[in-house]
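A short worksheet on the structure shown next.
The values are calculated or read from the model by the stated rules, or taken from the named source; none is laboratory data. Small disclaimer: the values here were computed from a predicted structure and weren't measured. Neighbour counts are summed over all protein chains in view; Cβ atoms, including those assigned to glycine, are modelled from backbone coordinates with ideal geometry. Calculation scope for accessible area: heavy atoms of the full protein, side chains included, ligands and nucleic acids excluded. Shrake-Rupley method; radii C 1.70, N 1.55, O 1.52, S 1.80 Å.
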Amino acid sequence: EAQVTQNPRYLITVTGKKLTVTCSQNMNHEYMSWYQQDPGLGLRQIYYSMNVEVTDKGDVPEGYKVSRKEKRNFPLILESPSPNQTSLYFCASSYVTGLATSGANVLTFGAGSRLTVL
Amino acid sequence: RKEVEQDPGPFNVPEGATVAFNCTYSNSASQSFFWYRQDCRKEPKLLMSVYSSGNEDGRFTAQLNRASQYISLLIRDSKLSDSATYLCVVKMDSNYQLIWGAGTKLIIKP
């Protein structure tokens, strides 16, 4: 089954304790992205990657890191989490050609990771 | 002003009724438009793309008004299962970035 898998789905941690949220897709998509979602706000992009070893900042990159060593994986790293990073996080992927074509948006999302930082 | 704006709702609508909501965008260079549906605490899923000529998919109709810079979504004969948050998404063809609205919450009541 074609899917984007995020882990963990739920995590409670404490301020300053490094954590990694993994994201893996099995569709051979070039494009991968991390979004943050808070109540009353739209999805805000944290980082995205157009292909292996190519990553770029989105709208809210502060406090986050990513890496793209393999096509299928795009982990989100919080080196020193703080309470204001308590949020719902989504990973998504797509073919680059899909994004480039007006009528072929095919973002596939993971199920989300709910993170609480105490 | 936000780049993409939506009425947050909630829209409380009786089952079987027709409901419509809009999404306004600020950048006239926006080229591609989409509606996503998001159920509570779940991932967004593409509902439909919005074409310049308007398009229909069953009970759902999407329209684009470039002059006034908004898109609309109309749902006919609403079902209880239509209860969700509807997210408006805008993309400039000059890049791969998607700009998301905060969503309109729809509640269909029996």
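For this structure, a couple of remarks:
- Pair list, Cβ under 6 Å, 6 or more apart: segment A:15-38 residue open to solvent by 40 Å² or more (accessible area, probe 1.4 Å), other residue not polar (S, T, N, Q) and not in a strand (DSSP E or B): A:LYS18/A:GLU79; A:THR20/A:PRO75; A:THR22/A:PRO75; A:GLU30/A:VAL96
- Filter pass, B:GLN38 being over 13 Å from the mean Cα position of the chain (by Cα) and of a type in the set (S, T, N, Q): no
- Those strands (runs of 3 or more DSSP E) of segment B:56-100 in which 1 or more residues are open to solvent by 40 Å² or more (accessible area, probe 1.4 Å) and free of Cβ contacts under 8 Å to residues at least 60 places away in the same chain occupy B:60-65, B:70-75.
- Against the conditions (1) in contact with a Cys (Cβ under 8 Å, 6 or more places away or on another chain); (2) closer than 28 Å to A:TYR48 by Cβ, B:LYS91 satisfies every one except (1).
- Residue check, A:PRO61 open to solvent by less than 60 Å² (accessible area, probe 1.4 Å) and either over 30 Å from B:GLY54 (Cβ atoms) or at pLDDT 95 or above (or both): yes
- Exactly one residue out of A:SER87, A:SER102, A:SER49, A:SER94 is open to solvent by less than 30 Å² (accessible area, probe 1.4 Å) and at pLDDT below 90: that is A:SER94.
- Evaluation of B:TYR51 against (1) surrounded by 13 or more Cβ atoms within 10 Å (Cβ to Cβ); (2) closer than 21 Å to A:ASP38 by Cβ; (3) within 12 Å of another protein chain (Cβ to nearest Cβ) (one fails), failing number: (2)
- Qualifying strands (runs of 3 or more DSSP E) (wholly inside chain A; at least 3 residues being facing chain B (nearest Cβ under 10 Å)): A:31-37, A:44-51, A:87-94
- One residue from B:VAL50, B:VAL89 being in contact with a Phe, Trp or Tyr (Cβ under 6 Å, 6 or more places away or on another chain), β-branched (Val, Ile, Thr) and more than 29 Å from A:ARG9 (Cα to Cα): B:VAL50
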